[in-house]
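Below you'll find the structure, written out as structure tokens, and then a few comments.
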Amino acid sequence: MKKLIFLSTLLLVMTNAFGQSQTVKGRVADAVSESPIIGAAVVLVGSNPLKGAVTDVNGNFTISEVPVGRQTFAVQFIGYKTISIPNTLVTAGKEVVLNIMLEESVEQMKQVVVTAKADKDLPLNDLAKVSARTFSLEEVTRFSGGRNDVARLATSFAGVSAPDDSRNDIVVRGNSPVGLLWRIEGIPIATTNHFSTLGTTGGPVNALNTNLLRTSDFLTGAFPAEYGNANAAVFDVNFRNGNADKYEFTGQMSAYSGLEFLAEGPISKKNNSSFVASYRYGIASLAATGTNGTPYYQDFSFKVNLGESKLGKFELFGLGGLSNIDFFGEETDETDLFAETDQNAYVDNQLGISGLSHTLRLSKSAYIKSTLAASTNYSAYLQDNFILNNNDEVSDTYRAVNVSNRENRVSFTSNLNKKYNAQWSLRLGLLSEHFIVDFNVEDRDNNPDIPDENNDGIPDYFISATDINDTYQIHQLYGQTEYKLTDDFSVTAGLHSQYHSYTEAFALEPRAAASWQSNNVSRWSLAYGLHAQAVPSPILFYEERLSDGSYERTNSDLGFMKSHHFVLGYDRTLGSNWRLKAEAYYQSLFDIPVEGTASSYSVLNEGAGFVFENKGSLVNEGTGTNYGLELTLEKFFSKGYYLLLTNSLFESTYKGSDGIERNTAFNNNYVGNMLFGKEWKFGDDSRHALTFDTKFTTSGGKWFTPIDLEATRANGGNEVLMNERAFSQQYDDYLRLDVKFGVRLNSKKRNVSHQFFVDLQNVTNRKNEFVRRYSENADEINSVYQIGFFPDVLYRIQF
């Protein structure tokens, strides 16, 4: 009877007839146990005659002849909360696959009310009660200025800043980007970026292929107990499965992200197995990279779903990337963001991960998922300094720097999910990572020629020679439970622990959160978490040169860096598609590595550049504080347009071993974003669309340490910083306006769709300050500016 009421109500919201169509299919499952829900009704809202389907014994459904355009689907099953899935983009070139999770109602439902509410503000992980946001492929490609990069997409969310056009480092609530955790299919990975260096998480180009991603989560604080070894934020990324019924292909060309081809399709229709694989080759535009060097990069991503069997479900996944760039000093000027005029430099990078996951269903209410994976992160840097003749012309070069660093990991994770009833669920898990490090560094840059030797002007010895081959493990255990007192009030509690085999450090981290739907339009959330993170390998294994000329690892006993997170959140629904969100947070960081003698140095400022500072004899005695307020006003896409306004006000400070409180390098103080997009339908049956998107971003400038000009001159032009005045000066405010025009075309007779975008980035050609550095030619300190106006063009075909 209730199902009839549900279907009858949907008929009352029927709208106009449709033209060109596509298949929409997917799976409906329990949000906690992930067991299939049999007999759930999935209906296309507004269809006439009514279109819908009922899920089969595996929870699968198929709706044929769904009109192209943006559609809304409603899903209901007795005893579960009814949900709507608004603004699902249906195109002629690709079938739509929906993975729908329903939440079981704690209370007896007395009536069914169907509303097209937007559930986009809630994360996929039900245990994340605050500071979490989902993101989808459609959003990554929709927003202006994003360069098809999920990391740059995150800068549109409250609390996130990245006032650096050359890199996609993610600064969350004033924390260093080193505190970010990247996960792919539940496995931690050092970075997902081309041209990254060991220990950093960002880079100029992301190797993650957005066409391979499914809806994933981004968490910015007080995250659940399953996430460990991170102090700032979590990017929890998942690959989608390929189409298990038909072969589909995607081709894409972009001025920035390069040339790409993706294929997917069934392996065996008997067991619903499939594959999806993508290859990309890119040569980024010089205007987009801020250098005269030409970056080359390529990456390959895949996922193979081997289907269900008596032994469970097996899935293979992987990501691999290669990148390199050569900088030639004679082709460089002083406006270059990365290269120097008096040297040649060569950069080479590799990254990759490959894994096998297995899901075994123990019962209708419990399952175990385990994953074994291997990953690698390699970076090499070669530097040749110039030898000048009497006419100041380059006569020869010599190898000044030779760096080759590789970090390999073998990771195993397993978690048990158990749903006892509609109110109570439990999640237990472990993660073990085995690290293999191989660091080789030779550096004689800026050293003098040894007197009484050959006197050729070339340094005759290396100031440092590092050759490190070592291993260590990090083991993590966690448990988390959720209890729903009512449909409107739920609490979670968890405990995370981790052990570092090299330092023998141990951390125990309690987590707790509560969510209360106080009325039909308001929801309150409160969360606390203690979070610990291991010191990055370049710091842990740094070899300090002692007074006798020998080298020693003086950071080898550093323990975990820790932080307390407190978050209070409020969400208010403003109509069917509007919402207001506010979050206040406080972070207290402690046990931060600083120098043993009084200084302004702190690891909290690492990650602001490509490499770490060479600091030894560090101790876990530093502190830091981050606090702020975040506001979000959002209209989810409806009636042909969307709007997103975010504003963050925050303060980020630290104390080094000298006990003086200073700004961190990431204390921008404020970040504001305004995003707006509009679509206009045209053509027969309104199957095509013109699109317009724009984004305006502003933030305070980064703080920096001033250069001592006289000391730099006395040091042969090698910069000397006023470390006693660390981070006492601030760059100018950051401003940027991006405008994006596009068209989406759907073939009337064939299953082919085309998308074309022109993304005009930094349309005002605003010269945002990048860095202040000493110019040897001018013998003064000059400002170097970031990338100006840059048009990015993208074309995508799906068939």
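Overview of values
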item: Stretchable slack from PHE261 to TYR279, in nm (0.36 nm times residue separation minus alpha-carbon distance); result: 5.9 nm
item: Residue-span extension gain [THR335 to LEU709] - 0.36 nm each, minus C-alpha spacing; result: 132.7 nm
item: Relative contact order %, the chain, counting alpha carbon pairs below 8 Å whose residues are six or more apart; result: 11 percent
item: The chain: antiparallel DSSP beta bridges as a percent of all, rounded to 5; result: 95 percent
item: Whichever lysines have a C-alpha closer than 24 Å to that of LYS748, once near sequence neighbours (fewer than 8 apart) are set aside; result: LYS25, LYS51, LYS94, LYS246, LYS639, LYS678, LYS681
item: Relative counts (whole %) of C-alpha pair distances in the range 304-350, using bins that are 10 Å wide; result: 21, 24, 15, 12, 13, 12, 2
item: Kirkwood hydrodynamic radius of the chain, Cα pairs, Å; result: 27.9 Å
item: For the range 537-553, 3J(HN,Hα) per residue [Karplus equation, 6.51 cos²θ - 1.76 cosθ + 1.60, θ = phi - 60°, Hz, x = Gly/Pro]; result: 4, x, 7, 4, 9, 4, 9, 8, 7, 8, 5, 8, x, 7, 10, 9, 7
item: Alpha carbon convex hull of the range 305-394, volume per residue in cubic angstrom; result: 116 Å³
item: Whole-number Å³ per residue for the convex hull built on Cα positions in the range 564-690; result: 133 Å³
item: Rule-of-thumb Rg ratio for the range 658-722 [Cα; 2.2 N^0.38 Å; N residues]; result: 2.27
item: Computed E for ASN782/SER599 - FRET, C-beta separation, R0 30 angstrom, nearest 0.05; result: 0.65
item: Residues HIS496, HIS434 arranged by fewest to most Cβ contacts within 10 Å; result: HIS434, HIS496
item: Cut-off of 10 Å, at most 11 other beta carbons, DSSP loop: longest stretch of the chain lacking such GluC sites (Glu not before Pro); result: 505-799
item: Quotient of Cα Rg and 2.2 N^0.38 Å for the range 198-292, N being how many residues it contains; result: 1.40
item: Neighbour-count order for PHE195, PHE327, PHE799, fewest beta carbons within 10 angstrom listed first; result: PHE799, PHE327, PHE195
item: Added length on full extension, which subtracts the Cα-Cα distance from 0.36 nm per residue, ASP392 to ALA493; result: 29.6 nm
item: Residue exposure sequence - LYS702, LYS581 - by fewest surrounding Cβ within 10 Å; result: LYS581, LYS702
item: With Cα atoms, 0 to 90° folded angle of helix 2-11 axis to the chain main axis; result: 80 degrees
item: Estimated FRET transfer efficiency (ASP470, ASP732; beta-carbon r; R0 45 Å; 0.05); result: 0.55
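Every read-out reported here was derived from the displayed coordinates using simple, explicitly stated rules and does not represent laboratory data. Quick caveat, the model's predicted, so the values are computed rather than measured. Don't worry about glycine lacking a Cβ; one is built from the backbone with ideal geometry, like all the others, and counts go over all protein chains shown.
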